[in-house]
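A short worksheet on the structure shown next.
The values are calculated or read from the model by the stated rules, or taken from the named source; none is laboratory data. This one's a predicted model, so the numbers in the text were calculated from it and none came from an experiment. With ideal geometry, Cβ positions are generated from the backbone for all residues, glycine too; neighbour counts draw on all protein chains shown.
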C-alpha cells in the first residue's frame, strides 16, 4: 500500500560503529522542573531572562558528547524554545504532545532524545525507534537530519516510503537499523510482509500528526501503534491540535505532558510568527494575480521562492505563466509521478530552479536551505496554515520574506491571521512600471560594478580603442550599459496593473476594509473594482451620457456581458498591448453584445492596430472606432 504523497531520496545510514554506552535513566522519571505528569492543560513557555537563555546551550540539556559534537559541527549554538522545553522531558522518559509551527526546530527536539537512547549496537534487524511522518519528502528530510546528528554514534537511520523500490528498503531492514522513519502506508506494507517488526521499539514519534490524519492515515496509525510494545515512550508533534489529536493521545499516550511554544496566551489562542520574516501583502483582483506575482518577483529578485497554490491546475497554469515570463519555474503536486518529483526537488536544491509552485500537501515538510521567499498565491483560510507555510524561510537566524496575494474579499482572512499572530502584515501597492524599471536599472548598475572588479578588462582594450575613433567615451559607456540592461531581460514594455489596495480605516457604511472609496476610484481610473461588483452597465451608461471627455475617442469592442467581459479585462488588455496606463483608458460601457472603451484621440489608431488578433476571454475581438449615433 503506497502513500498518496510523493518524494524521493537516497537511503541513509551509517556503517556500524561502537557508540558510547547509553546513559542509565529511569524511563518514567521527569525532570524536577517539568510539568506535572497528570497535567492536561497546554502550557506555553514563559519568557526567560536573556542572560539565562544565552547561557542555556545544548550542553546544559544532558546530551551525549557525540551529539554535542555533531551540533557544534553543524553550527547549532543554542536550543530553540521547543527544544529547550522538550528535550529534558523526553530524556526523562515522559510521553509528550508538542505543538509548534514549522521552522521552530521540532525535528531536533525529538531526534536528539531518540538518538540519546541508542543502544550500543544493533544485533537484530528490529529498530528501537520508529518515526511516522505524512509525506515522502518529510521522511527523507527527517532521516537526513537524524543521520547528521547521530553520525558520531554510528546511527543507522533508514527512510521507508512509497514510490521507492521496495527491494532497497528490504535490504536495509535486513541489515539492521536503529531508527526507521516511515510514512504510514509503507510502514503497514512492511509490517504485513513481516519485514518490519516493532517488538523492540522503545520510542515512537508521530511527526505532523494533524497532517497524517488529514491525509486519511488514522486507521494505519492506530494499527501501527497496536503493533508496538505498550510500555514504549510515545511523542506526538503537530502544528495544530484538533480533537482527533486529543483522541489519539488519550488512547495511546500515558499521561502525556503538553508543550505549546508561543501558542497560548491567557484564554486567547495565539500563533507565533518568526520575527526574522518580513511579511507583506498585496491586494489584487484575481484576473491580475499572475501578472502581479511576476511584477512583485521581478522587484524582489528572490534567490529561490516557494509559491503555494490551492489546486493542481493552478500550480500547472502558474508554472507555465512564470516560465513564459523568463523564470525557471517548477511544479510540485500529488498528480506527478515519483520520478518527476525527484527531478523537481533536485533542481530546486541545486539552484537550477528559481520558483517552486506547489500545493499544501505536496510541500508539507519541505525544507530547502536556499529558500528566501514564500508566496501565498491565495490567503490561507486557516491562520495555522499561514504560519506553517511562512515558517519555511527565516530559519537559523536568516532573514526571510513572506508575500501574500489577497483578493479584496479575502481581507477578513488576512485580519484573522494578524489577530492570532499579534503581528501586522504590511499592505503594499503592487510595484508600478516605474518601480520595476528602477529596480532593473539598479540590477544593471550592480552587474556593471561587478564587471568593473574583474581582472581581465584589458582583454577588451582593442574593442574600446576602435570605438573611440568614432565615438566619445560617454556614448560608448551608455551603449554598453544598454546592452547589459537588455541582456538581463529588462526593457520589455509592460502595462500598469490595476490597483486594488485598500486602506485600513474604521468600518462604516462607506469606508469599510476591502472597498476603495469613490474618490480613490476616480483618481486611479481603476475600472476593475466596478467589474468585480457586477459590471453594472447603468453606471457606465450614466457616465457616457455626460459626454466623452475632450481629447478622447471611443472604441467599439465586439464582446459584451454575454461573453463574460468585465471592465478590468478591457483595461488590462489595452494597457498590456499598448503604452497606455490604466488612468488613460475610459470611460467604459458594457452592453449585452458589445462594449465601448475610451482612449486618447491621438492613440486610437495605434490601439486598434495593437489589438488586431489579440484574444480577450479566450476570443479574438473585433475593434474599431465607435461612432455615436445622433441624439
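Per the conditions (1) farther than 30 Å from residue 368 by Cα; (2) surrounded by 20 or more Cβ atoms within 10 Å (Cβ to Cβ); (3) out of contact with any helix residue (DSSP H, G or I) (no Cβ under 8 Å at 6 or more places or on another chain), the sole criterion not satisfied by residue 228 is (2). Among the candidates 183, 197, 240, 234, the residue that is in contact with a strand residue (DSSP E or B) (Cβ under 6 Å, 6 or more places away or on another chain) and assigned by TED's automatic domain parsing to the domain that holds residue 148 is uniquely 234.
Any residue at all in region 137-158 that's out of contact with any strand residue (DSSP E or B) (no Cβ under 8 Å at 6 or more places or on another chain) and modelled with pLDDT under 85? Yes, some residue in region 137-158 is out of contact with any strand residue (DSSP E or B) (no Cβ under 8 Å at 6 or more places or on another chain) and modelled with pLDDT under 85. Looking only at region 587-610, count every residue that is farther than 10 Å from residue 555 by Cα and crowded, with 21+ Cβ neighbours inside 10 Å and tell me the total. Total meeting the criteria: 3.
Residues checked against (1) out of contact with any helix residue (DSSP H, G or I) (no Cβ under 6 Å at 6 or more places or on another chain); (2) within 24 Å of residue 325 (Cβ to Cβ):
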site	(1), (2)
554	yes, no
566	no, yes
578	no, yes
590	no, no
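If you scan region 278-288, which residues turn out to be modelled with pLDDT of 90 or more and surrounded by 20 or more Cβ atoms within 10 Å (Cβ to Cβ)? Hits for region 278-288 are 279, 281, 282, 283, 284.
Of all residues in region 590-610, at least one satisfies being modelled with pLDDT under 85 and within 38 Å of the chain's Cα centre (by Cα).
For region 73-88, the count of residues that are outside any loop (DSSP other than H, G, I, E, B) and touching a strand residue (DSSP E or B) at 6+ places or on another chain (Cβ under 6 Å) is nonzero. Picking from residues in region 471-502 that are closer than 30 Å to residue 282 by Cβ, part of a helix (DSSP H, G or I) and touching a helix residue (DSSP H, G or I) at 6+ places or on another chain (Cβ under 7 Å), the one that is modelled with the lowest pLDDT is 485. Among the residues making up region 427-453, a single one is surrounded by fewer than 10 Cβ atoms within 10 Å (Cβ to Cβ) and not in a helix (DSSP H, G or I): 453. Look at (1) modelled with pLDDT of 90 or more; (2) surrounded by fewer than 22 Cβ atoms within 10 Å (Cβ to Cβ); (3) outside any loop (DSSP other than H, G, I, E, B) and you find that residue 204 fails only one, number (2). The set of residues in region 554-573 that are in contact (Cβ under 8 Å) with a residue 40 or more places away in the chain and assigned to a helix (DSSP H, G or I) comprises 563, 567, 568, 569, 570, 571, 572, 573.
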